[in-house]
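Reviewing the structure listed below.
The values are calculated or read from the model by the stated rules, or taken from the named source; none is laboratory data. Since this is a predicted model, take the numbers as computed values, not measurements. Cβ coordinates were reconstructed from backbone atoms using ideal geometry, including for glycine residues, and neighbour counts include every protein chain displayed. Each accessible area value is taken on the protein alone, full model and side chains, heavy atoms only, with ligands, DNA and RNA left out. Shrake-Rupley method; radii C 1.70, N 1.55, O 1.52, S 1.80 Å.
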Amino acid sequence: MAGVTRDSSVVQFGFVEEAVEWRLRSSQFPSKVGGKPSWLSLCELPGPEELSCELCGQPCVFLLQVYAPVPEKADCFHRTVFVFCCRNVACYSFNDRRSFKVFRSQLPRRNDFYSYDPPPDEPLDDVEGEGLGNPCGVELCRVCGCLGPKICSRCHVAHYCSKDHQVMDWKAGHKKSCVEGGGSKETGVSTFLFPENELVVEPEEMQPATDPEREPESSTEPAAQLAVDNITVPDFASNCLDEKELEAMAKSESEEDKVFQHFKQRIAIEPEQVLRYSRGGSPLWVSAKNVPQQESIPHCICGAERIFEFQVMPQLLNHLNVDTLDTSIDWGTLAVYTCAESCDTDNKYVPEFLWKQDYSH
Ligand SMILES: [Zn+2]
Ligand SMILES: [Zn+2]
Ligand SMILES: [Zn+2]
Ligand SMILES: [Zn+2]
């Protein structure tokens, strides 16, 4: 159980680490990146429609999950937040959050799927190797690991979430194995999922003396310095912009620089961090622009407001094998907001909210 401890004043860092495969299965309550989702509730999984990209309509791919129980709530003894995103590069435009999906699942200690006792410290080799039942008879898409209500009409063995993934699997070898009578259980598709790794979450260690978060925000000296620097640069600008416009531009640029410097300063403490967890805390923005107001964050379906829970850092992109040279899957930071009450889910997956912020340099 690579879970997080809870204290809104403390930020916990997430790091990507290699792990043996069984450690990342549902029964171990993992936090992880890539591979197929290790579902918590094994009933009422989000369907293909809920998991399709709002922009292109194609199935989203599992990005990461964070195991984060809420100890003071009995029905959050187990609790995991799942993040999905679109695989289509064209869906990643500036500050556009519509290619992401977030779901929360939670369970009481006594539930239909897992033992009351902590998970075993060794792999189980019973049915499916999962050490748990499948009370709802859920079938998963062999390509993406999400709900697979469609079935191959020839072999009646292979399940899929969508036509997209059936076609992908057909081309990647099912065409052959299907004829042979269902054939291999595994898909030959190797380009859809992100590389699978554990997400290890640890507390942020900060030296109180140099803690940049606790410095008064009113220290204007560096900003003033930057403003001067900025004004001297665009010579041509004096012809096109009046003094007022110039001043506003310099001010906004210095503000932008200040936020970005602050961001860099904070992550320099642990440059490998891919996640910052602080339920009820505040995200570390990469930019002064496109910061959500309270009213920009929609309330949970239960009516309660949503609070910040964690943010995904741009460093995670280094672990996804995405092409960083050209246009690719990209973000400055992804801030995830979840129900403040972590309301009862009744074994379902409740949608939560993600805010995407990009660098505006
Ligand atoms: Zn898309
Ligand atoms: Zn699928
Ligand atoms: Zn088939
Ligand atoms: Zn709620």
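Inside the range 131-163, can you point out the residues that are under 22 Å from Phe84 (Cβ atoms), open to solvent by 40 Å² or more (accessible area, probe 1.4 Å) and out of contact with any Cys (no Cβ under 8 Å at 6 or more places or on another chain)?
Asn134, Glu139, Lys163
Is there a residue in the range 14-29 that is within 16 Å of ligand 1 (Cβ to nearest atom) and open to solvent by 10 Å² or more (accessible area, probe 1.4 Å)?
No: the range 14-29 contains no residue that is within 16 Å of ligand 1 (Cβ to nearest atom) and open to solvent by 10 Å² or more (accessible area, probe 1.4 Å).
Would you check if there is a residue in the range 56-74 being open to solvent by 10 Å² or more (accessible area, probe 1.4 Å), acidic (Asp, Glu) and within 20 Å of Asn347 (Cβ to Cβ)?
Within the range 56-74, not a single residue is open to solvent by 10 Å² or more (accessible area, probe 1.4 Å), acidic (Asp, Glu) and within 20 Å of Asn347 (Cβ to Cβ).
So which of Gly57, Gly3 is at pLDDT 95 or above and either under 18 Å from Glu196 (Cβ atoms) or not in a strand (DSSP E or B) (or both)?
Gly57
Does the range 144-168 hold any residues that are more than 13 Å from ligand 3 (Cβ to nearest atom) and in a loop (DSSP other than H, G, I, E, B), and which are they?
Cys144, Gly145, Cys146, Pro149, Cys161, Ser162
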